[in-house]
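Here's the structure we're looking at; comments come further down.
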Amino acid sequence: MLKLENYEAIINKCSHCGYCQATCPVYLEDMLESHVARNRLNLINQVLILKTMPSTPRFREILDRCLLCTNCTQTCSSKVPVDEIIIAARAETGKSTLGGLKSFVMSKMLQQRGLTGLMGKAGSLVQKMGVAAREMPQLASKPFSQIYSGTIPAQGEQRGRVAYFVGCGTNFLYPDTGIATVQVLTRNGWEVVIPAGQVCCGIPAMAEGDLAAAREMVATNLNLFDLDNVDAVITDCTSCGMMIKEKFSKMLNPEDPLQEKAQAWAGKIYEITDFLQQQGLSDRPASLYASFTYHVPCHRGWSPTVVDAPRELLGNLPGAELRELPDPEKCCGAAGTFFMEHRDLSERIRSHRVEQIEASEVQTVITQCPVCRFYLSASLNSQQVTHPVIMLAQAYENVSQE
Amino acid sequence: MSGLVKDLARLIGDNNVLFQPEDLLAYANDATHYFRTQLPDAVVLPSSTQEIARVQAYAYEHQIPVTPRGAGSGLSGGATPVKGGIVVDTKRLNRIVEIDRANMVAQVEGGAVLQNFHRAVEERGLFYPPDPQSMSVCTLGGNVATRAGGPRGVKYGTTGNYVTGLEVVLPDGSVIKTGGKFVKQSVGYDLTHLMTGSEGTLGIITGVTVRLVPLPPAHRTVIVVCETLDQAAEIVSEIIARGAVPSMLEFLIKLAITVMNNYVSQPLPTDGEAFLLMEMDGTPAQVESDVQTIKEICRDMKAQEVLEILDEKAAQSYWNARSNIYPLIMTIFNRCTSEDITVPRSRIPDLVRSVQEIAASVGIMIGLAGHAGDGNMHPTVLQTEINDEMAARANKAIELMIRRGLELGGTISGEHGIGIHKQEYLAWELDQVQIELMKRIKAAFDPRGIMNPGKIWVEGGAQ
């Protein structure tokens, strides 16, 4: 369980070196040391563990002003799981005052999929809050769950069977990612199983410190899939992937009977391009006439190869021109629902990213995070943002047109 | 909100002043929180020299202590505001003002981050060698204030060897510019190099001019595996004696390699007791010939194994791991106190032997790593438990090592500075006449004693 008491020893592993200043998007924007991991940890230690300081609104603000992007966790050689400690501290201090839309999204929409009435409500809430349409994700006319479900057979000789965990981003906002994922998998000899009734992976609720809600979602998903007969669980979203690989087990009590299932998921979860690159493509796409760059999602630490896969899959196709950004791994500022409550900060973080992308003059930006995709799209005028598996699917279309 | 905070807000804007305890906590120490932490009364976040000068003049008028701060990554407690007062965070003065190729110099603001500066000059085929291992975050102003160095010291020297000019806000708020872009200057006292290593006690460094050198076209990493620590130390001495000059020559014990292996893509062998991590740089021919010399020496001295790392990525990952050795070691221990003893290079074998003896006699673990090529070792006292008995042993070991370093003709600090950590040892190295002279210099700069008070020497003067 993500309880602060479980982190009392490891919080002291922070050497106070301060190297986390190098990669914290919030610190690099605010330039306040209070907003960098070294101090967040020290503060949590003083307020919630040692109780030498009171819990104040400013304390809660410092906790809330964290993207949970894990850049500090990845930078930290002392291996302090900063993100988990922040989540545990948020859980301990009670729920933050969630915005109406945000709490609605969290508690209803993500737990109960496919209820069109609910989605309509969400839409009207968006309007009520007066948020500019471009700054809020547009729901797809038809969620992915109404496009594909059940078992989709492999084309040609079957190489194996995979289960497809469909994230909320793909289901509600970007069904095209899901369609491409199914097409590319089946085309390469993989039978795809999409169990009905999937819910959110739980990461947004976990990020809020609402661990009970997150646990509910984890349990629902774990009970829904039978992993005995599949070779892998596929996700197209790096944040779902991180949640499944690193956090599912931590949402459960150590003695929870679901632990075994959580471990099995952790052992079988792959991001789609990572999986395809590792397994190799049996059906070669022949051409991709496009210049593109890769915006690397922050939640990349759970697989050492997830950042190489899109580059390797697409970069060498005929006609493909991959132009690397000066800092491919720089955060876009969206961070789940963070941008809804910290609009000014998120926009400032995004502006640096957008500047680099525009200077690169590519046609397309690829990224495996639906929130990055949405948030960058909202600010880019000349570039489209898409998932690498969609580009790969297009590369196959190019072949069949020739 | 106190009168102090209101006044500071009036001077530089209320968005640039921190006063809530949750914020002050972040500025209460540097990377050595276990020595001492002290909340300042306020933190200011100025963006210009003029803003710093305004704050400084105000502090002077009201006799308020001022502690300048870079990244807070120091290892001596130099940025800890032990007397409270105002912390002046310089990190928003972070522009690279000019890279002047014609004159092979660059000008930066004091808060510019070293790694960003490295990238900017290297993109232009130029090179700024000083490389304190906190380079991903540390600032040029902080580097100057602590006379910081790093692995490249063996061939290229440290920050002090590159600074040619400074902009400094003096304790009374006046601003001076010392030195310049020129290669030579013989005009009065060398204030540039007096400020260098002054640890914030004479003024705040807001601008830095440094000389650059051409970026060496080739470099190669070599790792020597040794059976014993003594053997590794002897090889270091032999390399220096034979005139081979690696650009970096690091001494690492097995423990260091073990933790570094958690960080690198291709783990290193751990079948030796000590390791030398080296880099040769220069023209390709020069690098090749230096590598051959190193190999010959290692053969003559019967090193266990010599590995040439041709894969650039792997080589870089070893150096990155080396930079992170301090936080990496915390995965195993609960407190690590890194010393900074520097001896004449021929005495490295003596120092290495002595440290092992001291560890055994005191009964505490001491990790040995350091820039052996320039005589600067960082024996690190490693504690698995935090209690009074362990702390007493750690202090004992530190004292013995420092005494031994001095007996070997060395110094108590090669590149970290004195701060609060080493102030009680200052008089072991410097005689009373020198310390009193330093205090008179301090008084001439800072008659009211407000600049980073409580640092370098123990207050009261009875040494």
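Among the residues of A:26-32, the average count of other protein chain beta-carbon atoms within 10 Å of the residue beta-carbon is 3.
Note: relative contact order over the range B:96-214, using C-alpha pairs below 8 Å and six or more positions apart, is 32 percent. Helix B:49-62 and the long axis of chain B differ in direction by around 60°, with both axes built from C-alpha atoms. For the range B:234-323, what class follows from the C-alpha gyration tensor (a ≥ b ≥ c being the square roots of its eigenvalues): rounded when a/c is under 1.5, otherwise prolate if a/b is larger than b/c, else oblate? It comes out oblate by the Cα gyration axes. Excluding same-chain neighbours fewer than eight residues apart, the lysines reachable from residue A:245 by a Cα-Cα span under 20 Å are A:3, A:79, A:261, A:268.
For residue B:110, the residues 5 or more places off, or on other chains, whose built amide H falls under 5 Å of its own are B:207, B:208. When you restrict to C-alpha pairs under 8 Å that are six or more residues apart and normalise by the size of the range B:333-442, the relative contact order lands at 33 percent. Taken about its Cα centre, the range B:218-327 carries a charge dipole of roughly 200 debye when the Cβ of each Lys and Arg holds +1 and the Cβ of each Asp and Glu holds -1.
Taken one residue at a time, the phi angles of the range B:371-379 give Karplus couplings (6.51, -1.76, 1.60, θ = phi - 60°) of 8, 4, x, 10, x, 9, 10, 10, x Hz. Gly and Pro are set to x. Neighbour counts of C-beta atoms inside 10 Å place B:365, B:377 in the sequence B:365, B:377, starting with the fewest.
The mean sequence separation of alpha-carbon pairs under 8 Å and at least six residues apart, normalised by the residue count of chain A, gives a relative contact order of 15 percent. Between residue A:289 and residue B:301, the FRET efficiency from the beta-carbon distance, with R0 = 56 Å, is close to 0.40. Across the range B:26-31, computed HN-Hα scalar couplings (Karplus, 6.51 cos²θ - 1.76 cosθ + 1.60, θ = phi - 60°) run 5, 10, 8, 6, 9, 7 Hz from first to last residue, x flagging Gly and Pro.
Report, ordered by chain and residue number, the lysines lying within cross-link reach of residue B:396, taken as a straight Cα distance under 19 Å and ignoring same-chain residues fewer than 8 apart. Excluding near neighbours in sequence, the set is B:422.
By the rule of a C-alpha distance below 20 Å, with chain neighbours fewer than 8 residues away ignored, the lysines paired with residue A:142 are A:108, A:121. A simple rule links phi to the HN-Hα coupling: the Karplus curve 6.51 cos²θ - 1.76 cosθ + 1.60 with θ = phi - 60°, which for the range A:385-392 gives 10, 8, 8, x, 6, 5, 5, 5 Hz, with x for Gly and Pro. Angle check, please: helix A:82-92 long axis (alpha carbons) against the longest principal axis of chain A (alpha carbons), in degrees 0 to 90, nearest 10. Tilt relative to chain A: about 60 degrees.
Since every read-out is calculated from the coordinates, none of them should be taken as a lab result. Owing to the predicted nature of the structure, the values given are computational and were not obtained by experimental measurement. We place every Cβ from the backbone using ideal geometry, glycine too, and count neighbours over all the protein chains shown.
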